[in-house]
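The values are calculated or read from the model by the stated rules, or taken from the named source; none is laboratory data. Quick caveat: nothing in here was measured; it's all calculated off a predicted structure. Note that we place each Cβ from the backbone using ideal geometry, even for glycine, and neighbour counts take in every protein chain shown. Side chains are part of the model used for accessible areas, which takes the heavy atoms of the whole protein and leaves out ligands, DNA and RNA. Shrake-Rupley method; radii C 1.70, N 1.55, O 1.52, S 1.80 Å.
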Amino acid sequence: MPELPEVSALVDFLTPRLVGEFIAQVDIAELSLLHTADPPLDAVIGLEITGVRRVGKALVIDFDGLSLVCRFARAGWLVWHDAAPSTPVRMGKGPLGMRVTFASGSGFDLTEAGTKKNASVSLVRDLGDVAALADAGPDALEITAEQFAAALAGTTSRVKTVLDDQSVVAGIGNAFSDEILHTAKISPFATANKADADAVFAAMTSVLTAAREALSGLPPAKIKAAKKKLLRVHGRTGQTCPVCGTTIAEVSFTDRSLQYCPGCQTGGKRLSDRRMDRLLK
């Protein structure tokens, strides 16, 4: 799932190309993608783009009085075209969800791989009309150390769960929460109100800032691959931890998994993985 660093890089790429542009055409290829009806999506045709920004993990394209909010979900992304394809957009064909064409002839596609379609596009007059944004907590790179410490102190949930919760801190997903906890040397199963809030906050700031800087300036087609190269534990089950040399371990859930280093984070102990435990019985 695209997280704060990738969406920030996307904003850096799009801003000089979109601000001052006019939308010539918008085509929807996946009906489930569009989450609003008033104003209608074609209301943006002929409007000048006034800004591009990130809100949490969402990409927001601003017009005068309207905002187009693009939420990528797990498998969504943006494909940029210097020259937008001229072939007709067909409903329900492949990963294409929406195509936007600009007056200059350039454009982009919003795509989502797989059969589960959870990405969304909303055209709104107020960002508060998008529930996920209205309910979001402070941005991960704007929250203060005091606010963050209070958020951890107020819950007995696992610290990993808190980092992934957009209503607590916005912008972090499964991959970078793994990286943050590895950098902080804290178990993902640690109870939030007992975790070292200062260590997690420092790791969150340093990991996200470094990733954002590393990805900035890249075109959309290269951002995801570049992100993978930055990750030290996430998605690297069975590989060697670059810090201590321990084999990176995994805990699997129904629809996702987390990775961690037993040497750096859990005192050498492996966390319980119920799915693997059942297979080994």
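Any residue at all in the range 175-188 that is of a type in the set (D, E, K, R), free of Cβ contacts under 8 Å to residues at least 40 places away in the same chain and over 29 Å from Pro39 (Cβ atoms)? Give the derivation first.
Let us first name the residues in the range 175-188 that are of a type in the set (D, E, K, R), namely 178-179, 185.
With free of Cβ contacts under 8 Å to residues at least 40 places away in the same chain added as a condition, the list becomes none.
No, there is no match, as no residue in the range 175-188 is of a type in the set (D, E, K, R), free of Cβ contacts under 8 Å to residues at least 40 places away in the same chain and over 29 Å from Pro39 (Cβ atoms).
So if I check each of Thr161, Thr155, Thr101, which one is open to solvent by 20 Å² or more (accessible area, probe 1.4 Å) and either part of a strand (DSSP E or B) or modelled with pLDDT under 95 (or both)?
Numbers: Thr161 fails: either part of a strand (DSSP E or B) or modelled with pLDDT under 95 (or both); Thr155 fails: either part of a strand (DSSP E or B) or modelled with pLDDT under 95 (or both).
Being open to solvent by 20 Å² or more (accessible area, probe 1.4 Å) and either part of a strand (DSSP E or B) or modelled with pLDDT under 95 (or both) holds for just one of Thr161, Thr155, Thr101, which is Thr101.
Do we find that Ala37 is part of a helix (DSSP H, G or I), more than 14 Å from Pro220 (Cβ to Cβ) and outside the structural domain of Val207 (by the TED database) in this structure?
no
Please indicate, with yes or no, whether at least one residue in the range 122-145 is open to solvent by less than 50 Å² (accessible area, probe 1.4 Å), touching a Pro at 6+ places or on another chain (Cβ under 7 Å) and at pLDDT 95 or above.
Scanning the range 122-145 turns up at least one residue that is open to solvent by less than 50 Å² (accessible area, probe 1.4 Å), touching a Pro at 6+ places or on another chain (Cβ under 7 Å) and at pLDDT 95 or above.
Pairs needed: first member in the range 68-95, not assigned by the TED database to the domain that holds Ile172 and in a loop (DSSP other than H, G, I, E, B); second member anywhere, of a type in the set (S, T, N, Q) and at pLDDT 95 or above; C-beta distance under 7 Å; at least 6 residues apart or different chains.
Asp82/Ser106; Ala83/Ser106; Ala84/Thr101; Ala84/Ser106; Pro95/Thr111
Do the conditions hold for Ala113, that is, is it assigned by the TED database to the domain that holds Phe22, without any contact (Cβ under 8 Å) to a residue 40 or more places away in the chain, open to solvent by 40 Å² or more (accessible area, probe 1.4 Å) and within 20 Å of Pro40 (Cα to Cα)? I'd like the intermediate steps shown before the answer.
Details: assigned by the TED database to the domain that holds Phe22: yes; without any contact (Cβ under 8 Å) to a residue 40 or more places away in the chain: yes; open to solvent by 40 Å² or more (accessible area, probe 1.4 Å): yes; within 20 Å of Pro40 (Cα to Cα): no.
Spelling it out, it is not the case that Ala113 is assigned by the TED database to the domain that holds Phe22, without any contact (Cβ under 8 Å) to a residue 40 or more places away in the chain, open to solvent by 40 Å² or more (accessible area, probe 1.4 Å) and within 20 Å of Pro40 (Cα to Cα).
All but one of (1) under 30 Å from Thr240 (Cα atoms); (2) crowded, with 21+ Cβ neighbours inside 10 Å; (3) hydrophobic (A, V, I, L, M, F, W, C) hold for Ala202; state the number of the condition that does not hold.
Failed condition: (2).
Here is a list of conditions, (1) open to solvent by less than 60 Å² (accessible area, probe 1.4 Å); (2) on the phi > 0 side of the Ramachandran plot, and Ala195 meets all of them except one; can you say which number that is?
That leaves (2) as the condition not met.
Residues checked against (1) touching a residue at least 60 places away in the same chain (Cβ under 8 Å); (2) assigned to a helix (DSSP H, G or I):
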{"site": "Met1", "(1), (2)": "yes, no"}
{"site": "Glu6", "(1), (2)": "yes, yes"}
{"site": "Leu10", "(1), (2)": "yes, yes"}
{"site": "Ile23", "(1), (2)": "yes, no"}
{"site": "Asp27", "(1), (2)": "yes, no"}
{"site": "Gly46", "(1), (2)": "no, no"}
{"site": "Val52", "(1), (2)": "no, no"}
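Answer yes if at least one residue in the range 197-208 is within 25 Å of the chain's Cα centre (by Cα), hydroxyl-bearing (Ser, Thr, Tyr) and in a helix (DSSP H, G or I), and no otherwise.
Initially, the range 197-208 is screened for residues within 25 Å of the chain's Cα centre (by Cα), giving 197-208.
From what is left, the residues that are hydroxyl-bearing (Ser, Thr, Tyr) are 205-206.
With the extra rule that they be in a helix (DSSP H, G or I), the set shrinks to 205-206.
Scanning the range 197-208 turns up at least one residue that is within 25 Å of the chain's Cα centre (by Cα), hydroxyl-bearing (Ser, Thr, Tyr) and in a helix (DSSP H, G or I).
Would you confirm, using the coordinates I've provided, whether Gly92 is closer than 21 Å to Lys117 by Cα, over 22 Å from the mean Cα position of the chain (by Cα), surrounded by fewer than 16 Cβ atoms within 10 Å (Cβ to Cβ) and not β-branched (Val, Ile, Thr)? First the steps, then the outcome.
Values: closer than 21 Å to Lys117 by Cα: yes; over 22 Å from the mean Cα position of the chain (by Cα): yes; surrounded by fewer than 16 Cβ atoms within 10 Å (Cβ to Cβ): yes; not β-branched (Val, Ile, Thr): yes.
Taking the combined requirement at face value, the residue satisfies it.
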